[in-house]
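Contents: one structure, followed by commentary.
The values are calculated or read from the model by the stated rules, or taken from the named source; none is laboratory data. Quick caveat, the model's predicted, so the values are computed rather than measured. Neighbour counts are summed over all protein chains in view; Cβ atoms, including those assigned to glycine, are modelled from backbone coordinates with ideal geometry. Heavy atoms of the whole protein, side chains included, go into the accessibility calculation; ligands, DNA and RNA do not. Shrake-Rupley method; radii C 1.70, N 1.55, O 1.52, S 1.80 Å.
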Amino acid sequence: MPRVKIDRHSMAEQDAAVRVGNFQEVPFGYDAEQAMAEASRCLQCKTPTCMDGCPVEVDIRSFLLAVEAGKFADAIGIIKNTNGLPAICGRVCPQETQCEEQCLLGKKKRPVAIGNLERFLADWERGQNGSNGDAKSAPAARNGHRIAIVGSGPAGLTCAADLARMGYDVTIFEAFHKAGGVLIYGIPEFRLPKSIVQAEVDYVASMGVEFRYNHVIGKLDTVDELLEQGYSAVFVGTGAGLPYFMGLPGENAIGIYSANEYLTRSNLMRAYDFPNADTPVLRGDRVAVIGGGNVAMDAARTALRLGSREVSLVYRRSREEMPARNEEIHHAEQEGVRFEYLCAPTRFESDENGWARGMTCVRMQLGEPDDSGRRRPVVIEGSEFFLPADVIVVAIGNGPNPLIAQTTADIATTKRGTIRADKFGRTSKKGVYAGGDIVLGAATVILAMGAGKSAARAIDRDLRGIPDPVEDEPAATA
Amino acid sequence: MVTASRADLPGATPGPGPAGTIIETEALVPGLIHRMRFVAPAIARKRRAGQFILLRVDADGERIPLTIADADPNEGTLTIVWQVVGLTTSKLAQLRAGDRLLDVAGPLGLPTHIEPWGRVACVCGGIGTAPMYPIAQALRAAGNEVDTIIGARTKDLLILGGEMAQASDRVLFCTDDGSLGYHGFVSGLLDERIAAGERYGHVFAIGPVPMMKATVAVAKKHGIAATVSLNPVMVDGTGMCGGCRVTVNAETKFCCVDGPEFDGWGVDFDELQKRLASYREYERRALEAHDCRIGLGGR
Ligand SMILES: Cc1cc2nc3c(=O)[nH]c(=O)nc-3n(C[C@H](O)[C@H](O)[C@H](O)COP(=O)(O)OP(=O)(O)OC[C@H]3O[C@@H](n4cnc5c(N)ncnc54)[C@H](O)[C@@H]3O)c2cc1C
Ligand SMILES: Cc1cc2nc3c(=O)[nH]c(=O)nc-3n(C[C@H](O)[C@H](O)[C@H](O)COP(=O)(O)OP(=O)(O)OC[C@H]3O[C@@H](n4cnc5c(N)ncnc54)[C@H](O)[C@@H]3O)c2cc1C
Ligand code: FES
């Protein structure tokens with residue numbers, strides 16, 4: 001059959017009615033046969049455009065060719081030449097707006113399922129030898145330089161792995177007791193199993209990277225103190241962990257959470273397993289989630305799994321404008337999340353003991369486009385109504401945590417509080433680099449990884465006194 | 001000849017063992033208030049009065065905040081004093097010398113803001129004496145004259161009287177039942193003293209929320225600025241979750257990074273009191289489930 005005639009293979013997944021009762025992963029993944037068939041859809045373009053959409057430059061065409069031939073070990077090797085976290089990227093990258101958006105096949109039919117195949121290969125490799133490690137990335141001879149990485153999210157992990165591979169002695173300082181950043185505390189188990197994150201963290205550790213947990217930089221040591229202690233460079237990958245609230249009346253009632261707190265309790269502290277784990281999370285009967293991004297979807301789907309009877313997602317624009325990935329919206333719909341589009345809260349209501357009991361909302365309609373190019377929501381007069389809820393999760397976005405900027409005198413920040421960095425991650429302070437959400441504001445895993453990667457190269461060049469390449473690296477800064 | 005102690009040598013681990021190792025424990029009030037000293041050299045070196053740690057006892061454990069009651073930077077140890085109120089604090093009370101705390105993160109929070117106020121009143125209720133101890137020391141070190149008022153329900157529950165006497169110029173005791181010292185609340189004694197002509201440049205109040213509220217009301221009545229140390233429920237302690245939010249002067253603050261000390265006049269104590277009840281039902285269930293697992297069920 002000609003390649004273009006084959007339909008894109010969808011992954012089998014847990015039935016929606018079953019999966020709302022557990023925290024297990026939703027899609028089951030491809031088997032070898034499906035993977036080879038899906039890879040055979042690739043047109044093997046002479047000048048492949050898919051790679052232009054990949055911030056870490058995975059050689060997509062070559063790895064697809066290897067999969068088609070059933071050479072899975074070769075295929076995963078190709079990916080891992082540039083991407084150390086394929087099991088994670090295969091699951092959470094917004095491929096539809098990156099590699100897959102550029103796929104030529106996508107002009108006529110549905111693009112090759114590049115993300116699903118990446119996931120398949122990483123899982124296949126773990127199935128072979130229990131880890132995602134491979135000999136190719138064995139660390140080079142030590143060069144004697146010590147590098148400090150602040151934060152163990154995708155930016156920090158990638159930067160650390162690349163530097164270790166080049167022969168640096170790398171130490172990661174992490175505020176929490178576990179590594180992974182948002183991958184561990186934010187994205188739920190049913191979307192990204194924690195054992196997979198742990199396997200990739202173990203892989204980074206196996207390259208000789210040292211992890212120091214419970215180590216809040218800015219409080220215990222400052223960035224300056226790290227430099228004084230003899231680290232040749234510091235990479236700041238502290239993410240965008242500062243939760244925004246709405247500033248509406250009644251917001252401090254009991255039961256009103258930031259998405260960060262709700263998800264951290266459930267994921268990192270395993271509140272879903274309470275009382276076997278000690279940390280509780282309020283399991284409302286009726287839950288309202290405010291927002292329309294991936295974070296809001298994760299919170300709403302978590303609420304269902306925690307046993308809430310009714311979960312509403314309140315978003316002030318329409319489905320069209322919703323920033324969450326299509327797949328996430330679709331999964332949430334299947335699972336029974338009620339979407340309240342064109343709706344916004346105006347105040348939170350609570351009882352006399354301070355417990356949330358719902359929110360007053362207004363209906364909106366879309367007016368003229370605003371600065372963001374999206375049509376501006378306008379309140380419909382007299383449309384007020386009451387939405388009952390005993391747990392409310394505010395998922396309207398996160399900002400950069402100010403701790404590092406506050407405790408490092410000469411590091412320049414933007415108006416929004418993000419750290420200023422050039423496209424290679426250099427900050428205004430010599431020897432200090434930054435990347436990921438702390439530079440971009442809340443963005444994506446792959447952009448954070450791309451930033452970690454280019455910072456690693458820049459650190460290496462700067463320490464060896466080599467000039468930047470003339471040809472641009474993929475931009476680390478939006 | 002002077003020899004450096006092991007702990008002074010670069011890279012040497014301090015004598016008593018790896019970070020988290022408990023050196024000694026002591027029941028100040030058996031079954032209720034405990035004290036422990038453990039190894040944490042990096043934090044001991046860094047911490048200032050008013051800061052706290054977050055600790056986890058075991059792998060299923062909650063992260064709970066406790067004030068650094070004392071620290072010895074030379075020896076590399078921290079001291080905490082806590083009251084058993086629920087699951088984690090009772091697990092903590094079961095640990096002994098040689099055991100190890102799983103995680104200790106700190107020093108967190110902002111150090112106490114200290115000025116040369118002249119004479120200062122440190123008013124403590126119950127377990128609040130523990131976090132007040134380093135503050136009294138720091139106030140003294142900054143040249144202030146420190147009057148400490150310590151209150152408890154009854155004299156057996158009064159803690160750290162000796163330590164506070166050392167850290168203060170004057171210590172006064174209050175008990176609700178009159179078993180020791182002034183018969184009544186700390187706020188009442190403070191009010192009487194000020195009315196009788198004592199002049200305080202500043203008041204510090206730490207203890208249960210109603211106690212802090214009453215003490216601040218007294219200070220305010222006499223026009224004296226007051227600092228309180230708040231104790232909301234925390235998760236990360238680094239400003240990432242917003243669970244610790246408190247309202248101060250009509251603004252929302254994150255206690256772990258903006259506090260834990262705030263201008264007492266502006267604190268919404270009623271909101272704080274309500275929010276502290278958030279998990280009461282869950283905590284009861286956790287404690288019951290735990291007691292069942294370790295065979296204490298049905299007590
Ligand atoms: C719920 C949720 C769902 C998401 N879903 C997706 C998705 O499906 N796809 C996608 O591409 N992106 C998604 N994102 C976004 C993505 O997770 C982030 O863009 C990415 O994790 C940023 O990586 P980072 O390394 O910059 O920071 P983070 O992942 O935020 O990691 C920062 C780390 O630094 C630590 N840290 C912070 N301050 C300090 C300090 N002072 N000292 C020591 N350590 C410190 C933190 O504890 C944390 O571990 C989601 C985000 C959230 C919150
Ligand atoms: C910055 C800070 C410093 C603190 N310093 C000390 C200290 O030095 N010594 C000390 O004994 N305690 C201190 N606390 C309080 C201590 O953190 C709590 O007592 C502890 O978290 C209770 O844990 P638990 O699991 O044993 O009880 P839980 O089972 O969590 O709770 C039992 C009961 O205590 C209440 N409670 C829950 N969390 C808190 C809290 N944070 N404060 C007060 N009551 C709470 C609950 O409503 C519940 O009724 C401090 C709190 C903060 C925020
Ligand atoms: S404890 Fe999470 S923000 Fe303070």
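Structure notes:
- On inspection, A:ALA451 does not qualify as within 14 Å of ligand 1 (Cβ to nearest atom) and open to solvent by 50 Å² or more (accessible area, probe 1.4 Å).
- Within the option set B:THR252, B:THR215, being among the hydroxyl-bearing types (Ser, Thr, Tyr) and away from chain A (no Cβ under 14 Å) holds for one residue only, B:THR215.
- Against the numbered list (1) of a type in the set (Val, Ile, Thr); (2) within 16 Å of ligand 3 (Cβ to nearest atom); (3) in contact with a Phe, Trp or Tyr (Cβ under 9 Å, 6 or more places away or on another chain), B:VAL257 comes up short only at (3).
- If the condition is being over 12 Å from B:VAL104 (Cα atoms) and in contact with a Ser or Thr (Cβ under 9 Å, 6 or more places away or on another chain), then the stretch B:35-60 contributes B:ARG35, B:MET36, B:ARG37, B:ARG48, B:ALA49, B:GLY50, B:GLN51, B:ASP60.
- Flag for A:SER308 being in contact with a Lys or Arg (Cβ under 9 Å, 6 or more places away or on another chain), part of a strand (DSSP E or B), of a type in the set (Ser, Thr, Tyr) and more than 14 Å from chain B (Cβ to nearest Cβ): no
- Within the stretch A:356-389, being open to solvent by 60 Å² or more (accessible area, probe 1.4 Å), part of a strand (DSSP E or B) and in contact (Cβ under 8 Å) with a residue 24 or more places away in the chain holds for A:ARG357, A:ARG375, A:VAL379, A:PHE386.
- Flag if B:VAL248 is within 16 Å of ligand 3 (Cβ to nearest atom) and within 30 Å of A:MET269 (Cα to Cα): yes
- Criterion (more than 16 Å from ligand 1 (Cβ to nearest atom) and either modelled with pLDDT of 95 or more or open to solvent by 40 Å² or more (accessible area, probe 1.4 Å) (or both)) met by exactly one of A:ARG338, A:ARG317: A:ARG338
- Residues that are away from chain A (no Cβ under 12 Å) and either touching a Leu at 6+ places or on another chain (Cβ under 6 Å) or in a loop (DSSP other than H, G, I, E, B) (or both) within the stretch B:39-67 comprise B:ALA49, B:GLY50, B:PRO65, listed in sequence order.
- Yes/no for B:ARG199 being in contact with a Lys or Arg (Cβ under 8 Å, 6 or more places away or on another chain), away from ligand 2 (no atom under 16 Å from the Cβ) and at negative phi: yes
- Selection status of A:ILE392, loosely packed, with under 14 Cβ neighbours inside 10 Å and out of contact with any helix residue (DSSP H, G or I) (no Cβ under 7 Å at 6 or more places or on another chain): no
- Among the residues of the stretch B:158-184, those that are among the hydrophobic types (A, V, I, L, M, F, W, C) and open to solvent by 30 Å² or more (accessible area, probe 1.4 Å) comprise B:LEU158, B:ALA165, B:VAL171, B:LEU172, B:PHE173, B:LEU180.
- Unique residue being more than 8 Å from every other protein chain (Cβ to nearest Cβ) and modelled with pLDDT under 95 when the list is A:ALA277, A:ALA205: A:ALA205
- Restricting A:ALA451, A:ALA442, A:ALA458, A:ALA405 to residues that are in a helix (DSSP H, G or I), touching a residue at least 24 places away in the same chain (Cβ under 8 Å) and either under 30 Å from A:GLY307 (Cα atoms) or in contact with a strand residue (DSSP E or B) (Cβ under 7 Å, 6 or more places away or on another chain) (or both) narrows the list to A:ALA458.
- The strands (runs of 3 or more DSSP E) falling completely within the stretch A:163-272 that include 2 or more residues that are open to solvent by 20 Å² or more (accessible area, probe 1.4 Å) map to A:210-212.
- Here A:LYS429 qualifies as assigned to a loop (DSSP other than H, G, I, E, B) and either under 22 Å from A:ILE256 (Cα atoms) or touching a residue at least 60 places away in the same chain (Cβ under 8 Å) (or both).
- Of all residues in the stretch A:291-314, exactly one satisfies the criterion of being open to solvent by 30 Å² or more (accessible area, probe 1.4 Å), at pLDDT 95 or above and more than 15 Å from ligand 1 (Cβ to nearest atom), namely A:GLU310.
- Whichever residue in the stretch A:139-162 is within 14 Å of chain B (Cβ to nearest Cβ) and crowded, with 24+ Cβ neighbours inside 10 Å and, among such residues, is farthest from A:ILE446 (Cα to Cα): A:VAL150
- Listing of helices (runs of 4 or more DSSP H) fully contained in the stretch A:1-118 that carry 3 or more residues being surrounded by 14 or more Cβ atoms within 10 Å (Cβ to Cβ) and either of a type in the set (Val, Ile, Thr) or under 25 Å from the mean Cα position of the chain (by Cα) (or both): A:60-68, A:72-82, A:86-92, A:99-102
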